[in-house]
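In what follows, a structure is listed as structure tokens, so that the remarks can point back to it.
The values are calculated or read from the model by the stated rules, or taken from the named source; none is laboratory data. If you're wondering where the values come from, they're calculated on a predicted model, not measured in any experiment. Every residue, glycine among them, receives a Cβ derived from its backbone with ideal geometry; neighbour counts consider all protein chains shown. Remember, those area values only see protein heavy atoms, side chains included, never the ligands or the DNA or RNA. Shrake-Rupley method; radii C 1.70, N 1.55, O 1.52, S 1.80 Å.
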Amino acid sequence: MSTTFIEGSIAVAKTVAVSRPHVISAYPITPQTHIVEHLSELVANGELKSEFVNVESEHSAASVVLGSSATGARTYTATTSQGFLLMIEVLFNIAGMRLPVVMTCVNRAVSAPINIWNDQQDSMTARDSGWIQLYAEDNQEASDMHLQAFKIAENKDIMLPVMVCMDGFVLTHSFDPVELISQEQVDKFLPPFKPEYYLTPKNPLTFGTLVGPDGYMETRYFIEKTMHASLQVISDVAADFHNQFGRFQGGLIDTYKVEDASLVLVAMGSIIGTIKDIVDELRAKGQKVGVLKVRSYRPFPKDEIYKALNHVKEIAVLEKAVSLGYGGILVNEIKSVFYGKPKTPKINGFILGLGGRDITVDTIHQTIKETVKASSEEKFIGLNEALIGGK
Amino acid sequence: MTTTTLAAPKEQSCQTLLASGHTACTGCGEALAAKLVLGAAGPNIIVTDATGCLEVFTTRFPQSSWEVPFIHSLFENSAAVASGVEVALKALGRQNEAKVIAQGGDGGTADIGLQALSGMLERGHDILYVCYDNEAYMNTGVQRSGLTPFDCMTTTSPCGELSWGNKHNKKDMPSIAAAHGIPYVATASVAFPKDIENKVKKALSITGPKYMQIHSPCPLGWRSNPQLTIKVAKLAVQTGLYPVFEMENGKVTKVRKITTPKTPVEEYLKIQGRFAHLFKSPKGKEEIQKIQEIADRNIEKYGLA
């Protein structure tokens, strides 16, 4: 292992490359990242023996990896924002056919208005698609998570696609020191992909059949059941990774100074790093504050979250997505964790950072202040008062 | 079906890889065409299919008519899924294991799937794409597609005071496919099974992307007698309305000549309910004349006479 000062996208590309994908397919919808550009470069230089398919749309990028995965190949694609939305029809299809595709969703805002900057509205729209969704805090984790993703997806008891979500620009375009993993080490961690069922004349199988009311519901039941089973697999793979590489960024969740905290901030993705700094600052002043990172959003680790937070008095959920007409998404899932439990903490939700709006130290301080003073409520934070006509 | 208890009757002319017992309508041209394509291709293939009648009547869980590896994904991505299959075979060193055939109906090919098909043709994948052309969205209830012929009545191009049915001419898919610079394009008709077999075999002997479009009557949508499927298909060819030809590297190299004297288009139109409105008023004659002109242009363009 060697530490390199490297752009997030390139670190991910290098990790995907040593995962030995047979087929990579991508399309540069507004805009692509350096991930697939670097992968195509590696293929062009003969450093990576993969079929790189330049397609005419994100829909076809997902369809190509679908076809390849069904043929028995390890496959990868990456997208973001509008491209992700165009892919969604195929994403449901990939999960429904139980194909262990791995993809990166570089989290960015969705149109209209067109905006290429970071938030997490894109991947949140596909939370019900049957894909396992993992959210990375920093570039080291984003990079490592891809290796774990292949291992989770291809587990014969799981066979579900895995999406690694990483914040656009904040991670993908930032340079950080990242420990890259060598081919030799990866080969010890990630066995070759050997699916039980795939397209071959040696054993002609029918994929993608018509299933009527007599059988459709069971397909969803099995995916739901497998999602629950994957909770253990995600934890185990993170533990395996820890054993082999000495790094642990959390399994289903990760916590920081939560054990004795009375107020905990809950979030996903790169914002976690900023929150940790604030937690340190407030702890130095004697405030009992902590942070919980939701690493696996689907499957949603209810039990782990409850276990970690059941002693807490106040929770602030910070999220870069919104269910228009309802409000915060993650906040309501955190609330549901406490439903029917003996004690329910005060839970406040904050929607922030949409379309790349800066999340500053002050923004996060504000959420803490609001949580302490207000009763349970949800609100947008960091709005430009001049644009909304004052308070 | 593929279950052990129901053995498919074996035919003399070609291997049956699309087992009987499926739920296609009586007289379905598409079922016949698909059976002929598979029979000619043989068992060492992997096939993809767009959403449509073919997938619906052959794959109702827990049964399947496909005796070859088969994947159906979505309406518009058969060509892209096939591209994925083809590159995976290469990447896994299994390229000699199977030929890849992508299938779709006329809507899944010429409308919603055209972009994915264009990508597949442009990228040069070694795939035979077969479009079963029954000239409308039959699976969804006979709505017009880009391959619905002029003045044809469908549920979304009805005839009425202001309408003679479909206002547009059939999209020239073979030329669109050929414009991608691909080595082989062919049209065919279920009326001529041996021709289909020959063309499939020829196409599969050529490396690179191939496009084949097979005229496949749909008695339900065309409101024709199921017993007359072959006759209807034959008349489409004989009138010049469905030219049967081969294009190699962009040039027409072979055509199926029509018998002379040419058969007037009325003979084809009058046995189908989808054109019945043209025979109900004197003004309909003018419309039939327009259709005759389409046939005459085809006869001239492809040298069918």
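Roughly how much of B:His72 is accessible, in Å² to the nearest 10, using a 1.4 Å probe?
Accessible surface of B:His72 is approximately 20 Å².
What length, rounded to one decimal in nm, is gained on full extension from A:Asp277 through to A:Asp236, with 0.36 nm per residue of separation minus their alpha-carbon distance? Display every interim value, and only then the final one.
Numbers: separation 41, 0.36 × 41 = 14.76 nm, distance 2.86 nm.
Answer, rounded to one decimal: 11.9 nm.
For every other residue with a beta carbon closer than 14 angstrom to the beta carbon of B:Lys234, add +1 if it is Lys or Arg and -1 if Asp or Glu, then tell me the sum.
Working: positive: B:Lys194, B:Lys231, B:Arg256, B:Lys257, B:Lys262; negative: B:Asp195, B:Glu267.
The answer is +3.
On average, how many beta carbons from a partner chain sit within 10 Å of the beta carbon of a residue in B:52-59?
On the way: counts 0, 0, 0, 4, 2, 1, 3, 6.
Going residue by residue through B:52-59 and averaging, the value is 2.
Taking 23 Å as the cut-off for C-alpha to C-alpha distance, list the pairs among A:Lys188/A:Lys307; B:Lys202/B:Lys251; A:Lys313/A:Lys373; A:Lys14/B:Lys99 that go past it.
The pairs that break the limit, which is 23 Å between Cα atoms, are A:Lys188/A:Lys307; A:Lys14/B:Lys99.
How many angstrom separate the Cα center of the range A:85-143 from the Cα center of the range A:352-389?
Distance between centres, Cα-based: 25 Å.
Gap in Å between the Cα centre of the range B:198-271 and the Cα centre of the range B:40-88?
Here the two parts' Cα centres lie 23 Å apart.
With a 1.4 Å probe and all protein chains kept in place, how do A:Met227, A:Met217 rank by accessible area, largest first? Could you put the intermediate results ahead of the total?
Values: A:Met227 20, A:Met217 145 Å².
The ranking, largest first, comes out as A:Met217, A:Met227.
Between B:Thr156 and A:Ile223, what is the label-point separation in nm under the 7 Å Cα-to-beta-carbon projection?
With each label placed 7 Å out from Cα toward Cβ, I get 2.6 nm.
Using the basic label-point model (7 angstrom from Cα toward the beta carbon), what is the B:Thr253 to B:Ser20 distance in nanometres?
Rounded to a tenth, the inter-label distance reads 3.7 nm.
Under unit Cβ charges (Lys, Arg +1; Asp, Glu -1), what dipole magnitude, rounded to 20 debye, does the protein assembly as shown have relative to its Cα centre?
Working: 68 positive and 73 negative charges, 341 e Å.
With Lys and Arg at +1 and Asp and Glu at -1, about 1640 debye.
Relative contact order (percent) for the range A:253-380, with alpha-carbon contacts under 8 angstrom and 6 or more residues of separation? Display every interim value, and only then the final one.
Details: 206 pairs, mean separation 33.5, N = 128.
Relative contact order of the range A:253-380: 26 percent.
Which residues in the range B:165-192 place their backbone N less than 11 Å from a point set 7 Å from the Cα of B:Lys280 along the Cα-to-Cβ direction?
Answer for this model: B:165.
May I ask you to rank A:Tyr27, B:Tyr184 by accessible area, largest first, using a 1.4 Å probe over the protein chains only?
A:Tyr27, B:Tyr184
Taking the Cα centre of the range B:29-302 as the origin, how large is its charge dipole in debye, to the nearest 20, when only Lys and Arg (+1) and Asp and Glu (-1) carry charge on their Cβ atoms?
On the way: 31 positive and 27 negative charges, 116 e Å.
Value, rounded to 20: 560 debye.
Out of the trypsin sites (Lys or Arg not before Pro) in the range A:270-341, which ones are loop residues according to DSSP with at most 12 other C-beta atoms within 10 Å? Present the calculation step by step, with values, prior to reporting the outcome.
Values: sites: A:Lys276, A:Arg283, A:Lys285, A:Lys288, A:Lys293, A:Arg295, A:Lys302, A:Lys307, A:Lys313, A:Lys320, A:Lys335; in loops: A:Lys285, A:Lys288, A:Arg295, A:Lys313, A:Lys320.
Within the range A:270-341, the qualifying trypsin sites (Lys or Arg not before Pro) (loop, at most 12 other Cβ atoms within 10 Å) are A:Lys285.
Hey, what's the range A:283-391 come to in accessible area per residue, 1.4 Å probe, Å²?
Details: 5500 Å² over 109 residues.
I get 50 Å² per residue for the range A:283-391.
Multiply the residue gap between A:Lys343 and A:His311 by 0.36 nm, knock off their C-alpha separation, and tell me the result in nm, one decimal place.
Values: separation 32, 0.36 × 32 = 11.52 nm, distance 0.86 nm.
That works out to 10.7 nm of additional length.
Kindly state, to the nearest 0.05, the FRET efficiency for B:Ala305 paired with A:Phe92, given R0 = 60 Å and r defined as their beta-carbon distance. Don't skip to the answer; put the middle values down first.
Values: r = 51 Å, r/R0 = 0.86.
For B:Ala305 and A:Phe92, the calculated efficiency is 0.70.
How much net charge surrounds A:Val211 when only the other residues with a Cβ under 15 Å from the Cβ of A:Val211 are counted, with Lys and Arg +1 and Asp and Glu -1? Before the final figure, lay out each step's value.
Details: positive: A:Arg98, A:Arg220, B:Arg60; negative: A:Asp214, A:Glu218, B:Glu55.
For residues surrounding A:Val211, the net value is 0.
Can you give me the Cα centroid spacing of the range A:35-78 and the range A:157-233 in angstrom?
15 Å
Which residues of the range B:102-144 bury at least 50 Å² of accessible area once all protein chains are present, versus their chain alone (1.4 Å probe)?
B:Gln115, B:Arg123
Once you keep just the Cα pairs under 8 angstrom separated by 6 or more residues, what percentage relative contact order results for chain B?
Numbers: 638 pairs, mean separation 48.4, N = 305.
Once normalised by length, the contact order is 16 percent.
Using only the Cα atoms of the range A:2-245, build the gyration tensor, take square roots of its eigenvalues as a ≥ b ≥ c, and label the shape rounded, prolate or oblate: rounded if a/c is under 1.5, else prolate if a/b is larger than b/c, else oblate.
Details: a/c = 1.44, a/b = 1.23, b/c = 1.18.
Rounded is the answer for the range A:2-245, as its axis ratio a/c remains below 1.5.
Taking every residue in A:92-101, how many Cβ atoms of other protein chains lie within 10 Å of its Cβ, on average? Walk me through the intermediate numbers first.
Values: counts 1, 5, 1, 0, 1, 3, 0, 1, 0, 0.
Neighbouring Cβ atoms belonging to other protein chains average 1 per residue here.
In nm, to one decimal, how far is the modelled label at A:Lys379 from the one at A:Lys194, with both set 7 Å along Cα→Cβ?
Using points 7 Å along Cα→Cβ, the separation is 5.9 nm.
What does the charge add up to near A:Glu196, with Lys and Arg as +1, Asp and Glu as -1, over the other residues with Cβ less than 14 Å from its Cβ? It would help to have the intermediate numbers written out before the result.
Working: positive: A:Arg98, A:Lys156, A:Lys194, A:Lys202; negative: A:Glu154, A:Asp157.
The answer is +2.
What accessible area, in Å² to the nearest ten, does a 1.4 Å probe give for A:Thr125?
80 Å²
Among A:Ala261, A:Val164, A:Thr75, whose Cα lies farthest out toward the positive end of the dipole of chain A, if unit charges sit on the beta carbon of Lys, Arg (+1) and Asp, Glu (-1)?
It is A:Ala261, whose Cα lies furthest towards the positive end.
Sorted by accessible area with a 1.4 angstrom probe, largest first, how do A:Asp122, A:Asp236 fall?
Details: A:Asp122 0, A:Asp236 70 Å².
Result, largest first: A:Asp236, A:Asp122.
Give the span of the range A:253-380's Cα atoms along each principal axis, as three whole-Å numbers ordered largest to smallest.
36, 35, 28 Å, listed from the longest principal axis down.
Just flag the trypsin sites (Lys or Arg not before Pro) in the range A:140-188 sitting in loop per DSSP whose Cβ has no more than 10 other Cβ atoms within 10 Å.
Numbers: sites: A:Lys151, A:Lys156, A:Lys188; in loops: A:Lys156.
Counting only loop positions with at most 10 other Cβ atoms within 10 Å, the trypsin sites (Lys or Arg not before Pro) in the range A:140-188 are A:Lys156.
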